[in-house]
Structures are given as C-alpha cells and as structure tokens.
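Colleague: Let me begin by handing over the structure; questions about it come next.
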Amino acid sequence: MHDNIVEDIEYLLNENKVQIKLDLCQWKQANYDESEPEMQAGVLTFTDVGSFQIEPPKFMINSNEILEVKVQDDKGNIEIILAGNDDVGKVCIVAQDVYWEVCD
C-alpha cells in the first residue's frame, strides 16, 4: 500500500462501513505488465466497523500519499499513515472485514 494515493475517505455510519477511494500504483508491483495501466482506481471497503478515527481531526483528505499501513493485531485494528500538504495524518479503523473493488 506504500506510495498509493488516497483520494477520499467516507464513513457510512448507518451502514457500519468505511470506504477509501484509492489510486493504486500498479507500475511499482513486481508482477507489473507494461500492457496494463500504470494506475488503477478502486475502493477499499471496511465492513462491520467498530471504530473509525482520523487524527488530527482537521486533517484534509485530498490525494494523500500512503506512507505506511500497520495491522495492529488480529482483532481488525488497522492504522494508515498519510502525507498531507503540511502535516501527517493517521486513519485508524477497527473492522471485521475488508474487500477491494476496481472502479472502471
């Protein structure tokens, strides 16, 4: 996930979901084929979300580069560190499941 771009994060409280819109850098993958597009847009959806937080609270999501992703434990705790214009933000999610969907 390092170096990929987060375009938007949406917390769907009533549905217990967090959706992260990403642009994945396919060209940085070891198995990249030059006939494929260099970037792939998609949505990473976390379901059965128990907790969601962005720090600092006023951190703006706007084409932020992923610096690091940490799986904190086996209970579904994920921490995503993002580069901002003038600062660094942290997205913390506790969820039961996650899936990837490619956007056309």
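Colleague: Going by the conditions given, is residue 51 open to solvent by 30 Å² or more (accessible area, probe 1.4 Å), modelled with pLDDT of 90 or more and of a type in the set (S, T, N, Q)?
Modeller: On the way: open to solvent by 30 Å² or more (accessible area, probe 1.4 Å): yes; modelled with pLDDT of 90 or more: yes; of a type in the set (S, T, N, Q): yes.
In short, yes.
Colleague: Output the number of residues of segment 21-55 satisfying the condition of being over 20 Å from residue 75 (Cβ atoms) and either among the charged types (D, E, K, R) or outside any strand (DSSP E or B) (or both).
Modeller: Of the residues in that region, 15 qualify.
Colleague: Right, something else. Given the residues 9, 78, 61, which is the only one that is part of a strand (DSSP E or B), modelled with pLDDT of 85 or more, farther than 18 Å from residue 103 by Cα and among the hydrophobic types (A, V, I, L, M, F, W, C)? Steps first, answer last, please.
Modeller: Details: 9 fails: farther than 18 Å from residue 103 by Cα; 61 fails: part of a strand (DSSP E or B).
Only one candidate qualifies: 78.
Colleague: Which residues, taken from segment 56-72, are open to solvent by 30 Å² or more (accessible area, probe 1.4 Å) and of a type outside the set (A, V, I, L, M, F, W, C)? Explain how you work it out, then say what you get.
Modeller: Quick first cut of segment 56-72, residues open to solvent by 30 Å² or more (accessible area, probe 1.4 Å) only: 56-58, 60-63, 65, 67-72.
Within segment 56-72, 56, 57, 58, 62, 63, 65, 68, 70, 72 meet the criteria.
Colleague: Return the residues of segment 73-97 that are open to solvent by 70 Å² or more (accessible area, probe 1.4 Å) and touching a strand residue (DSSP E or B) at 6+ places or on another chain (Cβ under 6 Å); say none if nothing qualifies.
Modeller: 97
Colleague: Within segment 27-45, identify whether any single residue is at pLDDT 95 or above, polar (S, T, N, Q) and open to solvent by less than 50 Å² (accessible area, probe 1.4 Å), and answer yes or no.
Modeller: Among the residues of segment 27-45, at least one is at pLDDT 95 or above, polar (S, T, N, Q) and open to solvent by less than 50 Å² (accessible area, probe 1.4 Å), which makes the answer yes.
Colleague: Another question about this same structure. With respect to the numbered conditions (1) open to solvent by 60 Å² or more (accessible area, probe 1.4 Å); (2) not in a helix (DSSP H, G or I), which one is the sole condition not fulfilled by residue 14?
Modeller: So the condition that residue 14 fails would be (2).
The values are calculated or read from the model by the stated rules, or taken from the named source; none is laboratory data. Worth saying up front: this structure is predicted, and the values here are computed from it rather than measured. Cβ sites come from the backbone with ideal geometry, for glycine too, and all protein chains shown count toward neighbours. These area figures cover heavy atoms from the full protein model, side chains too; ligands, DNA and RNA do not enter into them. Shrake-Rupley method; radii C 1.70, N 1.55, O 1.52, S 1.80 Å.
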